[in-house]
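The values are calculated or read from the model by the stated rules, or taken from the named source; none is laboratory data. On a predicted model such as this, the values are computed, not experimentally measured, just so you know. No Cβ is skipped: glycine too gets one built from the backbone with ideal geometry, and neighbour counts run over all protein chains shown. Note: areas computed on protein heavy atoms with side chains; ligands, DNA, RNA excluded. Shrake-Rupley method; radii C 1.70, N 1.55, O 1.52, S 1.80 Å.
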Amino acid sequence: MDMAFIIETIVKIVVILLVFSALAGLGTYFERKVLAFMQRRLGPMHVGPFGLLQVAADGIKLFTKEDIIPQNVVKPIFKIAPVITAATAFMAAAAIPFWPQFTVFGYTVHPIVADVNIGILYVLGMMAIGLYGPLLGGMASANKFSLISAARSAAVFISYEVVSGLSLLAPLMMVGSLSLIDINNYQAGGIGNWIVWSQPVAFILFWIAAFAETGRTPFHLIANDHEIIDGFGTEYSGMRWGLFFIGEYANMFFISFVIAIIFLGGFGDGSIAGAFQLLLKVSFFFFFFLWTRAAWPDVRPDQLMWLCWKVLMPIAVINVVITGFVMMF
Amino acid sequence: MHSEPLNDRNVSEQSAYYYVDIEEYPTTGWDKFKQVVKRTFRGELFVGLWVVMREMIKFDIHTVQYPKEKLPIGPRYRAVHKLLRLWESGYERCIGCGLCEKICISDCIRMDTKIDENSRKEVTEYSINLGRCIFCGYCAEVCPELAIVHGQRYENGSEQRAHFVIKDDMLTPLDFLTSGQQAEYPGFGSITPNESVTKTPLAY
Ligand code: SF4
Ligand code: SF4
């Protein structure tokens, strides 16, 4: 392993960390603005022009606030739980190609930290480990609302993991590779080659599962403010709570990248136009997360499990079987 | 609309009340499945998406950016009290009768009076503890001289409770009076300026 490779990887990691931490902050700004406009409000207006510096104000507040560890919590677990959420969200980003490869000063850069051949498996696995954040944080909190939230998170994550895994199986059978770059190159021929045309059912199923994965409305029941305060986040304060938040928003961006790459052609043939198209697709999926939050009600946990196990999972299995038959004959 | 149909609370032909039509909740698994399919494909979710998107595009914002913009409030709004002066003489309207102090249900008005050299009753101290006042308006209603009224000042901020609210704060300043800025209520119970409220002569 030569020195240049190590330095390049470290630089990529730092860039991804910085860019997506900043994006997570900006994401909260956009969320407030979009929700406000949809509800005929103005949203943040006072800090900076059009409230743009609200992100900075929130950051300062989160960083400088006292970090309270309540008396009866299980201290080591309580302290580590937010780190799990944020860390696994960013670790999942290692196998996501954010941009086609490009050349600077004669040096070819691959904007992916590790092009492992099990890319999508690794991404989904890492995001699934993120469930330990809410689960452990909620169980260690010595608070009944946090406990309810922890129980919900376990039930919800088991349900949606089945759907997201099975729905991805069909496209992966067609591509024959788990690497996100291979999946992207499979669709490099243009809009007609996008997997969404041959696998519309899998696309819808994975999209639904993405909502459960990131815990967004209509599946926002793990930290549902109007039922169980802030769920697992109730006892957290300051930067530990902020880590949960960064993890959640980074996850939204990463899952948007994953959907866009697997089903909507990713960055296409790798030209600059294709790269900007990828950003557009990702922005659309991120916007859709905010859009549904303004429009749709939340479902109950039992409804979500009913939906995942009794409706979506059978559809996913049927989809896999049909895809298999079509590929055989 | 007439209120008579609403007075009869029984559900019948004549009354305005009727039972809301609620469908039976599905019990069997197949019925529940049918309900989900119906709700999924009827497109209601997309109606919701369209409604919020339409509002965002129309950009018909109702926010009042409060410290910079303020909504107009009615002339009879019951905020911090004012003590008014007589129009023609500038003398304080309050005659120190103590009715407001007596009627105040929060017991938050305190006043001190003395007989001055013209053997008129003079109010030396008059304060309202705004921390206790519930802004019921009884003091303003009971006042025979229209001396204490409610004003439109609803923004209070101070370092000490003792600042809420002393006589100097409430009493119309003399220069305000001379420049005609002492406002009176319009409508029922109001006075005709310069006429109806005058200083009562000492000798009757
Ligand atoms: S408004 Fe009511 S509570 Fe307030 S001072 Fe007058 S009588 Fe008392
Ligand atoms: S009721 Fe009116 S006149 Fe009597 S003491 Fe109170 S403010 Fe003065």
Open item on the list: Between helix B:29-41 and chain B, what is the angle of the helix's C-alpha long axis to the longest principal axis, kept within 0 to 90° and rounded to the nearest 10?
Closed with: 70 degrees
TODO: Quick one: of A:Lys61/B:Lys68; A:Lys61/A:Lys144; B:Lys102/B:Lys167; A:Lys310/B:Lys32; A:Lys281/A:Lys310, which pairs are farther than 20 Å apart, Cα to Cα?
DONE: A:Lys61/B:Lys68; A:Lys61/A:Lys144; A:Lys281/A:Lys310
Open item on the list: Suppose only helical runs count, i.e. DSSP H with n ≥ 4. What mean residue ellipticity at 222 nm does that imply for chain B under -39500 (n - 2.57) per run, divided by all residues and rounded to the nearest 500 deg cm²/dmol?
Closed with: -6500 deg cm²/dmol
TODO: Report, by chain and number, residues whose modeled amide H sits under 5 Å from the one on B:Lys82, excluding near sequence neighbours (fewer than 5 apart, same chain).
DONE: B:Val149, B:His150, B:Gly151
Task: Fluctuation leader among A:Phe63, A:Phe289, A:Phe232 - chain A, Gaussian network, Cα springs under 10 angstrom - done: A:Phe63
Task: A:Tyr160, B:Tyr17, reordered so the largest accessible area comes first (probe 1.4 Å) - done: B:Tyr17, A:Tyr160
Task: Using a Förster distance of 25 Å, the FRET efficiency for B:Ala162-B:Ile105 (Cβ separation, nearest 0.05) - done: 0.70
- [ ] Let me know the Kirkwood hydrodynamic radius for the protein assembly as shown, please, with Cα pairs as the basis and the value in Å to one decimal.
- [x] 29.2 Å
Open item on the list: So, taking all protein chains as they sit and a 1.4 Å probe, how much accessible area belongs to A:Lys144, in Å² rounded to tens?
Closed with: 150 Å²
Task: Fraction of accessible area attributable to carbon and sulfur, the protein assembly as shown (%, probe 1.4 Å) - done: 64 percent
Task: Local electrostatic count at B:Cys97 - Lys and Arg +1, Asp and Glu -1, tallied over other residues with Cβ under 13 Å - done: 0
Task: Surface accessible to a 1.4 Å probe, per residue, for the residues of region A:172-284, Å² - done: 34 Å²
TODO: Hey, can you grab everything whose amide H is under 5 Å from the amide H of A:Gly48? Only 5+ residues off in sequence or another chain; H modelled, so Pro and N-termini drop out.
DONE: A:Leu53
Task: Kirkwood Rh in Å, taken over region A:1-61 so that all alpha-carbon pairs contribute - done: 13.5 Å
Task: Given charges at Cβ of Lys, Arg, Asp, Glu: region B:5-58 dipole, positive-most of B:Ile22, B:Val52, B:Asn7 - done: B:Val52
Task: Global geometry of region B:5-58, whether rounded, prolate or oblate, following the gyration tensor of its Cα atoms and the 1.5 cut on a/c - done: oblate
TODO: Could you work out the mean projected area of the convex hull around the alpha carbons of region A:44-124, in square nanometres to one decimal?
DONE: 10.2 nm²
TODO: Could you do me a favour and compute the accessible area per residue for region B:1-157, 1.4 Å probe, result in Å²?
DONE: 71 Å²
Open item on the list: Below 15 angstrom from the Cβ of B:Lys32, what's the summed charge of the other residues (Lys, Arg +1; Asp, Glu -1)?
Closed with: +1
Open item on the list: Cut-off 10 angstrom, C-alpha nodes, Gaussian network model of chain A. Which of A:Ile13, A:Ile222, A:Ile181 fluctuates the most?
Closed with: A:Ile13
Open item on the list: For chain A, what does the helix formula give at 222 nm: sum of -39500 (n - 2.57) over DSSP H segments with n ≥ 4, over the residue count, nearest 500 deg cm²/dmol?
Closed with: -22000 deg cm²/dmol
Task: Order of exposure, largest accessible area first, which applies to B:Glu13, B:Glu23 with probe 1.4 Å - done: B:Glu13, B:Glu23
TODO: Report the full-extension gain for the segment A:Glu8 to A:Val109: residue separation times 0.36 nm, less the Cα-Cα distance, to one decimal in nm.
DONE: 35.5 nm
Open item on the list: Over all directions, how big on average is the projection of the convex hull of the alpha-carbon atoms in chain B, in square nanometres?
Closed with: 23.4 nm²
- [ ] Evaluate the Kirkwood expression for the hydrodynamic radius of region A:71-168, namely the inverse of the mean inverse distance over all pairs of different C-alpha atoms, and round to one decimal in Å.
- [x] 15.4 Å
Open item on the list: Just to be sure I understand the rule: take each whole DSSP H helix in chain A, project its Cα atoms onto its long axis, keep it if the span is 30 Å or more and its mean Kyte-Doolittle hydropathy is at least 1.0. Which ones pass?
Closed with: A:3-38, A:144-175, A:238-263, A:272-295
Open item on the list: Just want the answer: with Cβ charges of +1 for Lys and Arg and -1 for Asp and Glu, which residue in B:Ser190, A:Gly231, A:Ile77 is farthest toward the dipole's positive end in the protein assembly as shown?
Closed with: A:Ile77
Task: GNM flexibility winner over chain A from A:Gly25, A:Gly192, A:Gly138 (Cα, springs under 10 Å) - done: A:Gly192
Task: Lys/Arg +1, Asp/Glu -1 at C-beta; region A:160-290 dipole; positive extreme among A:Val162, A:Phe287, A:Trp241 - done: A:Phe287
Open item on the list: In region A:285-303, what residues drop by 50 Å² or more of accessible area when the other protein chains are put back, versus the chain on its own? Use 1.4 Å, and skip ligands and nucleic acids.
Closed with: A:Trp291, A:Trp296
- [ ] Report the local net charge at A:Pro100: Lys and Arg +1, Asp and Glu -1, summed over other residues whose C-beta lies under 13 Å from its C-beta.
- [x] -2
Open item on the list: Please give the charge dipole size of region B:81-178, origin at the Cα centre, charges +1 on K and R Cβ atoms and -1 on D and E Cβ atoms. Round to the nearest 20 debye.
Closed with: 240 debye
- [ ] Please label the shape of region A:252-329 as rounded, prolate or oblate, based on the square roots a ≥ b ≥ c of the eigenvalues of the alpha-carbon gyration tensor (a/c under 1.5 means rounded; beyond that, a/b larger than b/c means prolate, else oblate).
- [x] oblate
- [ ] Rank these residues by their accessible area, most exposed first, probe 1.4 Å: A:Asp298, B:Asp60.
- [x] B:Asp60, A:Asp298
Task: Heavy-atom accessible surface that B and A bury in contact, both chains counted, 1.4 Å, Å² to 100 - done: 1800 Å²
Task: Principal-axis tilt of helix B:44-58 within chain B, Cα atoms, nearest 10 degrees - done: 40 degrees
